[in-house]
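The values are calculated or read from the model by the stated rules, or taken from the named source; none is laboratory data. Just so it is clear, the structure is predicted and the values come from calculations on it, not from any experiment. Here the Cβ is made from the backbone with ideal geometry for all residues, glycine too, and neighbour counts use every protein chain on show. What goes into the accessible areas is simple: the full protein's heavy atoms, side chains included, and nothing from ligands, DNA or RNA. Shrake-Rupley method; radii C 1.70, N 1.55, O 1.52, S 1.80 Å.
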Amino acid sequence: IGTKESSSYYNGKHILVTAGPTRESIDPVRFFTNHSSGKMGYAIAETAAKLGASVTLISGPSNLGVPNGVSRMEVESARDMYHEVFRHYDKADIIIKAAAVADYRPKETFDQKMKKQEGSLVIELERTEDILKALGEKKQKHQYLVGFAAETSNVIQYGREKLERKNLDAIVVNDVSQENAGFSADTNEAAFISKTGKQQKLSLNSKVKIAQQLFSLIEEDLKGGEQ
Ligand code: CTP
Ligand code: CA
């Protein structure tokens, strides 16, 4: 009692975080992916654990180590992430989806390595599950769902549309056309938009600082809702 941790609003809360890219296999040796490093999601998980929360981090392939006090589950594809997230969903109070999930995967995955042929190659892609949208559809009263969005134009407008469409409580929108924001940078610059109408700029800062600001905003938003 009286320590920073035990007096934290987040003490004892279950927080589920996703991070990193996904990997969509073409054959045993090849895959589609994106440039996500996982840094933002890992910074969120690390910060949540420091605030006393019980944290589950579901991570796509990333080189980062497991943050102190965090339980990490490793996944590869969007489909794997979908199943792992739903395995942990019911007990989660706050869900933060920082992962950069692939929107498409090869329609067919080959069991054997594809051999090169003359001429060009066409690989048909199909849509992956939209994990965040599915979470929004199954969200329960006690749950607070936060999405991320990467945009290169109309950042706030597109962010608001995603917030609505996916039934989120809040969204963090990144302008990935900015130099010091986005995938592999140690820093980020973003905007927090909540369903309750709060809009707050998260100015250029380390990803850990951004994570700390994010938790203050979520706490404010949740406390506002209790009144
Ligand atoms: N997301 C997800 N499952 C997907 C695609 C995205 O859960 N198959 C989540 C991401 O983790 C993120 C949010 O949805 O929290 C927004 O991702 P983003 O790529 O910005 O939006 P999309 O809805 O995929 O739309 P688009 O890429 O066309 O802008
Ligand atoms: Ca996308």
Only one of (1) closer than 20 Å to Phe148 by Cβ; (2) of a type in the set (Gly, Ala, Ser); (3) more than 14 Å from the chain's Cα centre (by Cα) fails for Gly38. Which number is that?
(3)
Going through (1) open to solvent by less than 20 Å² (accessible area, probe 1.4 Å); (2) touching a Pro at 6+ places or on another chain (Cβ under 6 Å) one by one, Gly38 fails only at (2)
Looking only at residues in region 161-181 that are over 17 Å from the mean Cα position of the chain (by Cα) and either basic (Lys, Arg) or outside any helix (DSSP H, G or I) (or both), which one is surrounded by the fewest Cβ atoms within 10 Å (Cβ to Cβ)?
Glu179
Kindly indicate whether His88 is outside any loop (DSSP other than H, G, I, E, B) and of a type outside the set (A, V, I, L, M, F, W, C).
yes
Could you grab me the full set of residues in region 186-227 that are among the hydrophobic types (A, V, I, L, M, F, W, C), over 16 Å from the mean Cα position of the chain (by Cα) and at pLDDT below 95?
Leu202, Leu204
Listed residues Thr128, Thr109, Thr187, Thr196; which is of a type in the set (Val, Ile, Thr), touching a residue at least 60 places away in the same chain (Cβ under 8 Å) and in contact with a helix residue (DSSP H, G or I) (Cβ under 8 Å, 6 or more places away or on another chain)?
Thr128
Among the residues of region 114-125, are any touching a Phe, Trp or Tyr at 6+ places or on another chain (Cβ under 6 Å), closer than 17 Å to Leu16 by Cβ and away from ligand 2 (no atom under 12 Å from the Cβ)?
no
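Table: residues versus (1) in a strand (DSSP E or B); (2) away from ligand 1 (no atom under 16 Å from the Cβ); (3) open to solvent by 50 Å² or more (accessible area, probe 1.4 Å).
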| residue | (1), (2), (3) |
| --- | --- |
| Ala49 | no, yes, no |
| Leu57 | yes, no, no |
| Pro61 | no, no, no |
| Asn68 | no, yes, yes |
| Thr109 | no, yes, yes |
| Gln112 | no, yes, yes |
| Gly119 | no, yes, yes |
| Leu132 | no, no, no |
| Gln140 | no, yes, yes |
Kindly indicate which of Thr196, Thr187 is away from ligand 2 (no atom under 16 Å from the Cβ), of a type in the set (Val, Ile, Thr) and open to solvent by 60 Å² or more (accessible area, probe 1.4 Å).
Thr196
Please determine, by comparing only the residues of region 91-107 that are in a loop (DSSP other than H, G, I, E, B) and hydrophobic (A, V, I, L, M, F, W, C), which one is nearest to Ile171 (Cα to Cα).
Ala98
